[in-house]
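In what follows, a single structure is set out as C-alpha cells and then discussed.
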Amino acid sequence: MHPCNQENSMTHSSDRLYELPPSAKLVFKVLEINGTMTQSQIATKSRLSKRTVRQALDNLRDADTLDERVSLRDARKSLYSIPESRETDTLANASD
C-alpha cells in the first residue's frame, strides 16, 4: 500500500472510532487488549450490561471496525475481534 493511502486509511479508521459513543470505544479497547471474545465475556470484562455491549457491537459493526464469526464450540454464540489492520492503525496513531 502506498504510504499516503496507508495514512489516509489510518486517519479514516481513527475518525470512525472518534465518532462512536463511549461504550463502543470501551468495547473496542477491551477487544484490542483481550483478543477474540463472546458478548458475555465482553460484558464481564467491560462491566457494561449485555444490552449496552450489544449496542456497542452494532456501532462497531456499522463503523466497519469489527470482525464477527460463529463460535465453533457453540454455534449459538458469536466471537468478536478487531481486524488486525485496525489494531495496527490504532497503535500507529497512538505512537504519533
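Every number here is computed from the coordinates shown, using simple stated rules; none is lab data. Model, not experiment: these values are computed from the prediction. With ideal geometry, Cβ positions are generated from the backbone for all residues, glycine too; neighbour counts draw on all protein chains shown.
Annotations for the structure displayed:
- Straight-line cross-link reach from K45 at under 16 Å between alpha-carbon atoms covers these lysines, not counting any fewer than eight positions away in the same chain: K25, K29.
- Ranked by how many other beta carbons lie within 10 Å on average, peptides 61-74, 23-36, 44-57 from highest: 23-36, 44-57, 61-74
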